[in-house]
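One structure is given below, encoded as structure tokens.
The values are calculated or read from the model by the stated rules, or taken from the named source; none is laboratory data. Note that the structure is predicted; figures quoted are calculated from it, not measured. Please note: Cβ atoms are built from the backbone with ideal geometry, for glycine as well, and neighbour counts cover all protein chains shown. The accessibility values were calculated without ligands, DNA or RNA, using every heavy atom of the protein model including side chains. Shrake-Rupley method; radii C 1.70, N 1.55, O 1.52, S 1.80 Å.
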Amino acid sequence: MVAALPQKSVSVPDSYVCSPSIAFPFPVSEDISALDGPTYVVPQTLVELSNYAVADAIFTYSPETFDLDNGLALWNAAEQANGFGVVPFLSRLETRAGAGSLPLGYILSSNLQRKFHQAPRAILASSGSLPAFAPILNEISYLSALPSPITFSVAAIDYSPVSGAYVPDYVTAFTTARESGLALVTSSRVSELQHMSLYASLLATVMPSFHLYDGLRLSRESQRVVDVLGVNRTRDIFERVLASLDGNFHRTDSISRASKILTSLNAELGTSYRPFEYDGHDQPDVVLVILGSCEAAIATDVALRLSDAGERVGVLTVRVAAPFGDSQFLNALPRSTKQVLVFGQVYRQQDVEDPGVQSALYSDVFAAVIMSSTFPVGARPKLVDFKYTREQAFTPNNFVWIYEQVLKGVPAVAAIPDSLLANSFSSVASFNLLHGQDVSQFVFWSPDDSVLAYAPAKLAQLFSLDSNRNTGFISTFDNQTLAGIVQSELRSSKRAIDASISVTNANVVVVNDDNIFSNYNVVASLRHGGTLLINTTSNVEALGKKVPADIKKLLISKAIVVYTINLSEAVDGDDKTLASVAAQLAFLSVAAPAESVETYLGKLACLNYLGDDKHVAKISEISEKVQSLLTKLEGATWDLNVEEEQIALPVFPVSDSFTPNEEKFINEPEPELDSWQTAAKHLAFKEAYDYKSELRPDLPVKNFVAKVQELKRLTPLSYDRNIFHIEFDITGTGLKYEIGEALGIHGQNDKELVEQFIRSYGLDGEGLVLVPSRDDSERFEYRTVFQVLLEDLDIFGKTPKKFYESLAEYAKDEKQKAHLLKIASAEGTEEFKKRGDDDTLTYADVLQEFDSAHPPFEDLIKIVNPLKRREYSIASSQKVHPNAVHLLIVVVDWVDSKGRKRYGQCSRYISQLKIGSEVVVSVKPSVMKLPPSPKQPIIMSGLGTGLAPFKAFVEEKAYQKSQGKDIGDIFLYLGSRHQKEEYLYGEFWEAHMAAGIVTHIGAAFSRDQPQKIYIQDRMRESIDKLVPAYVQQEGVFYLCGPTWPVPDVTAVLEDVIAKDAEIRGVKVDTAKEVEELKEKNRYILEVY
């Protein structure tokens, strides 16, 4: 089942023994020169090494367990020199508001001595950290040149509150790079990580750059890299590429420069990287376009397998996502293509289902194809925006299923039907990407606090000693199940497995706690005829009761060989190392039964005990004991005729942490009901109880109290949309805001609904709750039950899946409990979707439906999500209204599947405020900023409430003119359904046009005439005015509102550019020009 294990003559690195780890069997060397040539590494180390080699300053924003900068810290502390002979400046920082201030100041400092002036300043962060960098990115985007290059290495990973787990987050980085005008390069395989990191550093010498790569699996899967570039080789390549760029290089556009650098890098590395890389059938009908990612590597390998079998499919991987080269993309797209399936990640499931929402990648592809002459009209391929959320995981089987659907001409979905998966003869279920390769795969499941959890990493070290094989290893931690479990995957192959894929056809699965059977389908990942090893203290009969019927059926249908063992009997005493050795021996006994014990005893002794062979005899003794304890279960051992409701269990672990659950035995502060007498003591003796009275201490942002001074409905009462203007008095609050920023409203739930819930749930609204602060668990806050429900809990919001699972623990009725667990499982996906999207059920609805589940209020606080602030674009200039802030809001409402009228929580709350009402508010930055010169024209396009920031723009411009400044032309294009009901701020616009502030108004009321008219139509009507304003006078274009008009509006802007080129008698690539305008912040979108 596995290749012959290494003989005793192979040496064992001391670091293997000195650095025991569950997740990382191959420690990072403190000696940076050791990282050169064939090396076993954690791929994240390659990103760190590439940056360390050429950067003179590095800033890292790594959450404590993400391990994005462990190598950097180690080398820096050891004063290891980089390629330029200096120890780079290293600053390890926390992600918080204003996170980019220190690196920005460092980058802009011109008086810092530098050994090599083109050495970049590097920032390493996760995609979840990027929102904190908004100020630095905005600042960078306004600068025409930087004193020093800057590059971001971004691990695509964030925590998802929807799934309660870490997810690969590409959409945040992709969107951030596009909005900020930064270059974006991607990696989809381990072999590319260091090369693309170096490419990003080279790109940074001409434009700020992002290097985006998977942070969940790709960068954490330890494996052998055949040719690691050491610091000196990295520096040499860096210098030679820059030296190869001729004098004309800097006179070309950004797309040409990015391409030229990549070509020069290929010449140095002997590689063939391209901005867009096609793989698959020579004459494909279907091409999948996907951003460079783990998914891209899997999709490519699947497409190659299918195309070898004659299927006309292929994959076009986007390596350089920004600047997006339209002509390069079209040159890479095969001419036979009939359908292009664009894989675009989006934030929410609602975005997937909303046809008005386009993925960012689709927008780029759409523009490239539609605006080109490459494909004749009528012969253009069909473009499909295949949107998926960050929570969607892809296996090779998912891609086989997607290709099959598209080739059959049916709309593709990622989820594979259970009936198809259950049919082992189907092309989807039977597909094995690694079929025919010399590869052995193993999966281990253990409690994360067990010494047995260390055994798989030791086995990875053992396998790595065979220089003729490639070993891969990754561990995934689930801190919730059984208070913490870890799943480890070990792969040994003749050829390196470059795509990061989960094990789905394991030779052996080891389960070190039989309770895991009730939480995960551990057998689903076993191949037919594979081996299951169960470490258990239960007898066969008791074990049979713990294994669900579905898993028993799988054991029979797959002809799985089952062994049991009680490892606690294999070792006497508390020697944890020997206990781990026993686990290693048990695995080897079933994985390599043909190997003699002498083959590996010496190596196990050296791997587990530093340079000490004296333990060989003891290990040999344990090996004999293990052999005697192993029991093979024969035939149909367990009764399948059990009446139990089947719940589909997940196959792959939920990755909600990167470390064992360190807090499983720590008593966390709990919310608790208390009396008014206790609160009175805290008020009377403030110093003794460290009592403080604060404004919403549960909220982490700077808050202010504003008073409503005006609220006016702008649409008629008879109209079906309630759009209103509201003004807040901020006198004396200290609140400051800039043009284009948003106001966060910390809303409240509906008072009547709260009172109804209190009565129906049997609560005392005046009862006090002592709640741990969300910011500091050492602090507690007093609230009444009514106050918590009114201000803190989203009790009338949509429920995530996790709530159903949590609620099941309290259900006393077994049928209700089973139903709750089913909804929370993969089997209940469709029902959960219907409950959320069609029925829009709230926490309160679910609690009423499953009435046998009645968590105490202090527990309810823990399982119901908190209310979040809602942000609205500010519709005023503080120069004009120094003591007020204006908003334009529409009340969100809909009718659910049961005919009940539902409302958006915050918009309804705001609409019901009275004059003088106090509201907690905060300010959020935005990309909507006026151009640096008042003389630059501005072209504003807004739909509905998207007009809000433009009212502020016009007020600011009027103020500038009143101060004697010359202002440029102002164009306003607005869209709504009817002029009579929805001409929002109509009198304001016309008054400022009469005053000479606004130059042109193009109002599109789509339903006031037989033919529909949209803002892009009004823009096209005034194209002759837009040419000088936008192109010749360097105007700035803004679009605020929904995403659906973006392609049409972009097409108009390209026509504006084309018309200007026609006037000047030159030829231009309009799509490329638009991309340049985005980079220069002259095409700004705030769409949703």
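Looking across PHE375, PHE442, one residue alone is part of a loop (DSSP other than H, G, I, E, B) and open to solvent by less than 20 Å² (accessible area, probe 1.4 Å). It is PHE375. Can you find a residue in region 338-346 that is within 26 Å of THR176 (Cα to Cα), part of a helix (DSSP H, G or I) and at pLDDT below 95? So far as region 338-346 goes, no, none of its residues is within 26 Å of THR176 (Cα to Cα), part of a helix (DSSP H, G or I) and at pLDDT below 95.
Can you confirm whether GLU871 is of a type in the set (Asp, Glu), within 29 Å of LYS929 (Cβ to Cβ) and touching a residue at least 40 places away in the same chain (Cβ under 8 Å)? It is true that GLU871 is of a type in the set (Asp, Glu), within 29 Å of LYS929 (Cβ to Cβ) and touching a residue at least 40 places away in the same chain (Cβ under 8 Å). When restricted to residues that are within 24 Å of the chain's Cα centre (by Cα), of a type in the set (S, T, N, Q) and buried (at least 16 other Cβ atoms within 10 Å of the Cβ), region 813-833 contains 1. Among the residues of region 826-867, write down those that are in contact with a Phe, Trp or Tyr (Cβ under 9 Å, 6 or more places away or on another chain) and not in a helix (DSSP H, G or I). Once the filter is applied, which keeps residues that are in contact with a Phe, Trp or Tyr (Cβ under 9 Å, 6 or more places away or on another chain) and not in a helix (DSSP H, G or I), region 826-867 yields THR840, THR842, PHE850, SER852, ALA853, HIS854, PRO855, PRO856, VAL864, ASN865.
Residues that are in contact with an Asp or Glu (Cβ under 6 Å, 6 or more places away or on another chain) and either of a type in the set (Gly, Ala, Ser) or more than 18 Å from LEU717 (Cα to Cα) (or both) within region 976-999 comprise SER976, THR999, listed in sequence order. On the stretch given as region 264-278, residues that are in contact with a Leu (Cβ under 8 Å, 6 or more places away or on another chain), over 20 Å from LEU361 (Cα atoms) and of a type in the set (A, V, I, L, M, F, W, C) total 1.
Note on region 6-65: residues that are in a helix (DSSP H, G or I) and modelled with pLDDT under 90 total 5. Of the candidates ASP1060, ASP1008, ASP1055, the single residue that is in a helix (DSSP H, G or I), of a type in the set (Asp, Glu) and open to solvent by 30 Å² or more (accessible area, probe 1.4 Å) is ASP1055. If I filter region 874-911 down to residues being without any contact (Cβ under 8 Å) to a residue 40 or more places away in the chain and part of a loop (DSSP other than H, G, I, E, B), which single residue comes out as nearest to LYS751 (Cα to Cα)? Filtering first and then ranking leaves GLY904. In this entry, ALA303 passes the filter for residues that are part of a helix (DSSP H, G or I) and surrounded by 24 or more Cβ atoms within 10 Å (Cβ to Cβ).
Among the criteria (1) out of contact with any strand residue (DSSP E or B) (no Cβ under 6 Å at 6 or more places or on another chain); (2) open to solvent by 40 Å² or more (accessible area, probe 1.4 Å); (3) among the hydrophobic types (A, V, I, L, M, F, W, C); (4) modelled with pLDDT of 80 or more, the one VAL654 does not fulfil is (1). Considering region 920-937 alone, what residues qualify as being over 24 Å from the mean Cα position of the chain (by Cα), crowded, with 16+ Cβ neighbours inside 10 Å and among the small types (Gly, Ala, Ser)? Residue satisfying the conditions is SER922 alone. Selection of region 70-83 for residues being open to solvent by less than 10 Å² (accessible area, probe 1.4 Å) and not in a helix (DSSP H, G or I) yields ASN82, GLY83.
No other residue among ALA322, ALA303 is of a type in the set (Gly, Ala, Ser) and closer than 14 Å to TYR403 by Cα apart from ALA303. Number of residues in region 207-246 that are open to solvent by 60 Å² or more (accessible area, probe 1.4 Å) and either more than 25 Å from ILE501 (Cβ to Cβ) or hydroxyl-bearing (Ser, Thr, Tyr) (or both) equals 6. Before we move on, is PHE803 under 30 Å from TRP894 (Cα atoms), touching a helix residue (DSSP H, G or I) at 6+ places or on another chain (Cβ under 8 Å), touching a residue at least 12 places away in the same chain (Cβ under 8 Å) and outside any loop (DSSP other than H, G, I, E, B)? Judged against the criteria, PHE803 is a match. When you look at VAL998, is it under 19 Å from SER876 (Cβ atoms) and β-branched (Val, Ile, Thr), yes or no? So VAL998 fits the description; yes. Return a yes/no flag: does region 1036-1045 have any residue that is part of a helix (DSSP H, G or I) and either small (Gly, Ala, Ser) or closer than 22 Å to ARG178 by Cα (or both). Within region 1036-1045 (the criterion being part of a helix (DSSP H, G or I) and either small (Gly, Ala, Ser) or closer than 22 Å to ARG178 by Cα (or both)), the answer is no, since none of the residues qualifies.
Picking from residues in region 173-187 that are open to solvent by 10 Å² or more (accessible area, probe 1.4 Å) and either part of a loop (DSSP other than H, G, I, E, B) or in contact with a Phe, Trp or Tyr (Cβ under 8 Å, 6 or more places away or on another chain) (or both), the one that is modelled with the lowest pLDDT is GLY181.
Looking across region 559-598, the residues that are farther than 14 Å from LYS618 by Cα, in a loop (DSSP other than H, G, I, E, B) and modelled with pLDDT of 90 or more come down to ALA559, ILE560, ASN566. Could we say that GLU956 is under 21 Å from GLN878 (Cα atoms) and surrounded by fewer than 17 Cβ atoms within 10 Å (Cβ to Cβ) here? It is false that GLU956 is under 21 Å from GLN878 (Cα atoms) and surrounded by fewer than 17 Cβ atoms within 10 Å (Cβ to Cβ).
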